[in-house]
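Notes to accompany the following structure.
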Amino acid sequence: VTHEVQMGSLQDVFSKGELYEFDERVKKAVGKAVYCVEPKIDGLSVSLEYKDGIFTRGSTRGDGFVGEDVTSNLKTVKSIPIKINEELSLIEVRGETYMPRNVFLKLVKEQEDNDEQPFKNPRNAAAGSLRQKDPKIAAKRKLDIFVFNVQQIEGKELTSHKESLDYLKTLGFKTIPDYKRVSTADEVIDCIKAIGEKRFDLPFDIDGVVIKVDDFRQRE
């Protein structure tokens, strides 16, 4: 599958200093900006395409330009709507498929009991499950998804990231949890701390926090 809209990757930062540098670069480019902060789910990134409100194709990110068609396996993920709540001529969304921690632990025990090589972590388990040739096996793996981006849309104008996430909820998508709009780098750091503190209580793995410029024009 060739992605009409590139499925981009993130730039990593590992310190407060690097975060402040990012904030300064943003200010130099666009002036005052508002950020949307959300947890980064540790899974496999996928695209979901809908035509006239119906799920028509799902694919992996691949290299961001070309990915694999995994539609039949994604149709087994119960939280992916086959029909959304509006008949948009086209919408493509991006999400992260993941294996909940309790499902992963149960799968590993089954693999060990059957003398099979167990998956190392939930992310590998999710990726391996999505690439199964047999959708029945994928269905047994009980994958889930959080949708976190609108890649392209026809028939609706969206101006900011938070607005797009709020809208995706109304369409019936399971969106990324705990997203929050903040206006300073210090508030971003407070959000990172708050997410970090409850990281190990979540029923899924996260491997960071994502900070996005909220306004789409500024982001471009």
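The values are calculated or read from the model by the stated rules, or taken from the named source; none is laboratory data. Computed from a predicted structure; not experimentally measured. Neighbour counts run over all protein chains shown; Cβ positions are idealised from the backbone, glycine included. The protein model used for the area step is the full one, side chains on, heavy atoms only, and it has no ligands, DNA or RNA in it. Shrake-Rupley method; radii C 1.70, N 1.55, O 1.52, S 1.80 Å.
Against the test of being part of a loop (DSSP other than H, G, I, E, B) and either surrounded by 15 or more Cβ atoms within 10 Å (Cβ to Cβ) or of a type in the set (Phe, Trp, Tyr) (or both), the options 132, 117 yield a single qualifying residue, 132. Residues in segment 166-179 that are within 18 Å of residue 41 (Cα to Cα), of a type outside the set (Val, Ile, Thr) and in a loop (DSSP other than H, G, I, E, B): 173, 174, 177, 178, 179.
Total residues in segment 71-103 satisfying the condition of being in a helix (DSSP H, G or I) and at pLDDT 95 or above: the figure is 4.
Here's the yes/no breakdown for (1) of a type outside the set (D, E, K, R); (2) open to solvent by 80 Å² or more (accessible area, probe 1.4 Å); (3) farther than 22 Å from residue 158 by Cα:
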position: 5; (1), (2), (3): yes, no, no
position: 28; (1), (2), (3): no, yes, yes
position: 64; (1), (2), (3): yes, no, yes
position: 68; (1), (2), (3): no, yes, yes
position: 89; (1), (2), (3): yes, no, no
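Of the residues making up segment 201-220, those that are farther than 22 Å from residue 44 by Cβ and of a type outside the set (A, V, I, L, M, F, W, C) number 7.
If I ask for residues that are touching a Lys or Arg at 6+ places or on another chain (Cβ under 7 Å), open to solvent by less than 40 Å² (accessible area, probe 1.4 Å) and either at positive phi or in a loop (DSSP other than H, G, I, E, B) (or both), which ones from segment 180-204 would you list?
Taking segment 180-204 first, the residues touching a Lys or Arg at 6+ places or on another chain (Cβ under 7 Å) are 181, 189, 191, 203-204.
From what's left, open to solvent by less than 40 Å² (accessible area, probe 1.4 Å): 189, 191, 204.
Once the filter is applied, which keeps residues that are touching a Lys or Arg at 6+ places or on another chain (Cβ under 7 Å), open to solvent by less than 40 Å² (accessible area, probe 1.4 Å) and either at positive phi or in a loop (DSSP other than H, G, I, E, B) (or both), segment 180-204 yields only 204.
Out of 137, 176, one residue alone is of a type in the set (Val, Ile, Thr), modelled with pLDDT under 95 and either within 16 Å of residue 79 (Cα to Cα) or crowded, with 17+ Cβ neighbours inside 10 Å (or both). It is 176. Filtered by the rule that a residue be of a type in the set (Asp, Glu), under 20 Å from the mean Cα position of the chain (by Cα) and either farther than 18 Å from residue 18 by Cα or at pLDDT 95 or above (or both), segment 179-210 gives 201, 205.
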